[in-house]
Amino acid sequence: MSRKALFATGFTCAFLVYALPAWAQGDMGLLRDTETEEMLRSYETPLARAAGLDPVPKVWLIGDSEINAFAAYGDGGENIFIFSGILLWLRKPNELIGVMAHETGHISAGHLSRGEYGMKKAMIPMLLSLVAAVGAMVAGAGALAEAIMRVGQAYAEGQFAAFTKVQESTADQIGARLLLATHQSPMGMYETFRRLANDEAMSAYKVDKFAVDHPTGQDRVFDLNDMVEASPYREVQDSPESLHTFQMVQAKLAGFILPVKEALNRYPESDTSEPARYARAMVYLRQPNLQKALSSINSLIAEEPNNPYFYEARGQIYLSMARPVQAIPDYQKSVNLRPQAPQLRLALATAQLATEDAAQAAPALANLKAAILVEDDDVFTWYETAQAYSMLNNEPMANLSTAEVWYNSGDMKKAMVFATRARGKLPQGSADWQRAGDIIGAAAPLAAQQRRG
C-alpha cells in the first residue's frame, strides 16, 4: 500500500503530485480522494456485512483506463480495487455496486486464498511439459522441444482458465444474493455485463470460450437474467442523492485524469450543471487557469455551503497559486465538516507547513498525528510529519518519521539508518524509542533479503 498517488487534495494538492518521489507515483498507482473513498465505502459496507465479512474490505481506486476491478489479499486484509476506467465507464451507482457485489462475492467464497491452489494445479502440466522438452533438447530435437513447451503452456492456461471460470460464476451468484440481502437491484450488475458482452461481440469475431479466464459475456448475461427475474428488488432505482454523489465523483475524476480535450468534450462550457462545473474546475486547475478554477468552485460553494470537498478543492487552488495562508481556512473548513478523514487532515497540514511559518508547525503536527491514527502507513503523511518535526527543531522525531517514510515505501536499509539515528537520541524506554527499535528489528531481515536480491 505504499504506492499511493495523491489525486487532487482529497485529490491532495495537484502540484505536489508532480513533486513526489518516483516511488509514490507509477503508471498504475492508487489515487487517494476522500470524496471517492467515502462513496465506495458506503457501497461496500452493507455488502460486506451481508456477506459476514469483518472487517469490511478496503476499497481502493487505481489510476488506470482499463475497464476492470479485482479483489486481492494484502496489507493484512481483503481489498477491492476499482480502476478509474470502469468508474468513468459506468453510468449509475447501481452498476458500480453490482461490480463491487461481484468482487465481494470472490472474497466471501474464499477465492483469494484458493487462487494459489488453482495456479499450482495449472502449473503441473506446464512442469511436466518442461521435463519432456528438456529431454527432447538433449536428444537434439529442438523443434520438438519448442512444440512440447507450447502445448504444455496452452494446457496449463486452459487448466487455470477452467478453475477461474468456476470462481467467476460463483462470484456472480454470491453477488446477486448480496444485492438481494441488501434490498438492491441486480439490474446494475446485469446491465454492466450486458454492455461488456456487447463490446466483446463487437471487438472479436471469435472468442475461444475455454481460453478466457472468466465466463464469456453472453453466458454471464444469460445466467444473470434468471437472477434478475427472481429478484423482488429488480425495479429499485438509485436515490437522487446517490445518483448526484456518483455523478460528482465521476466528474471530479474525469476532470483530474482525462486528457484536457476529452474532459472538456465530456463536460463542455455549455453544460452548467454541478458535475460539469466540478469537472471543469479540475481541468482548469491542471491547465493551469486558476482564476477560472476559482470561479467554478465559488459557484459550487454558493449552492452547497456545507460540502467539505468544495472547500478542499478551493484550498487546493489557493495552494496551487502559492497562497497557502488563504488555503488554510478552506482546508480547515473541510476538516471541520469531516474530522475523521485523514487525507483532509494531511491537506490542511500541507498548507500550514507551506507557509514556512514556524508558528504553523505545531498545529500541522497535530493534524498529521490525527491522520496517522487512522492511516499509519501513508508515506506522504510521514514525509510531512518529518518536515513538521524539523521546523520544531526536534531532530530525533524527524529521523523517526523519516524512518517511517522509508519503511512504508519499502527501502529497509534507509529505514534502519534513520531509525538507528532516532533511537540513539530518544529517551530510552519511551514509546518512540521502542518504535524505533521495532522498525530496526522488522527492517533488518528484509534489508538482508533486498541485498541478496
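The values are calculated or read from the model by the stated rules, or taken from the named source; none is laboratory data. Please read all numbers here as calculations on a predicted model, not as lab measurements. Please note: Cβ atoms are built from the backbone with ideal geometry, for glycine as well, and neighbour counts cover all protein chains shown.
For this structure, a couple of remarks:
- Residues located in segment 26-74, provided they are of a type in the set (Gly, Ala, Ser) and farther than 14 Å from Leu87 by Cα: Gly26, Gly29, Ser42, Ala48, Ala50, Ala51, Gly52, Ala71, Ala72, Gly74
- Leading residue by the ranking (surrounded by the fewest Cβ atoms within 10 Å (Cβ to Cβ)) among those in segment 418-442 that are aliphatic (A, V, I, L, M) and either over 13 Å from Glu404 (Cβ atoms) or in contact (Cβ under 8 Å) with a residue 40 or more places away in the chain (or both): Ala431
- Val379 meets each of the listed conditions (1) buried (at least 21 other Cβ atoms within 10 Å of the Cβ); (2) at pLDDT 95 or above; (3) within 30 Å of Tyr309 (Cα to Cα) apart from (2).
- Restricting Pro305, Pro275 to those that are surrounded by 14 or more Cβ atoms within 10 Å (Cβ to Cβ) and out of contact with any strand residue (DSSP E or B) (no Cβ under 6 Å at 6 or more places or on another chain) reduces the list to Pro275.
- Filter pass, Ala313 being in a helix (DSSP H, G or I) and not aromatic (Phe, Trp, Tyr): yes
- Looking across Gln352, Gln343, one residue alone is touching a helix residue (DSSP H, G or I) at 6+ places or on another chain (Cβ under 9 Å), in contact (Cβ under 8 Å) with a residue 60 or more places away in the chain and either surrounded by 22 or more Cβ atoms within 10 Å (Cβ to Cβ) or of a type in the set (D, E, K, R) (or both). It is Gln343.
- Hits in segment 308-332 - residues which are within 23 Å of Ala362 (Cβ to Cβ), crowded, with 20+ Cβ neighbours inside 10 Å and more than 22 Å from the chain's Cα centre (by Cα): Tyr311, Gly315, Tyr318, Leu319, Pro324, Ala327, Ile328, Asp330, Tyr331
- Matching residues in segment 28-56 - criterion: being in contact (Cβ under 8 Å) with a residue 40 or more places away in the chain, aliphatic (A, V, I, L, M) and not in a strand (DSSP E or B): Met39, Leu40, Leu47, Ala48, Ala50, Ala51, Leu53
- Residues of segment 344-390 satisfying the condition of being farther than 24 Å from Gly76 by Cβ and outside any helix (DSSP H, G or I): Thr355, Glu356, Asp357
- Residues located in segment 241-265, provided they are among the aliphatic types (A, V, I, L, M) and more than 19 Å from the chain's Cα centre (by Cα): Leu243, Val260, Ala263, Leu264
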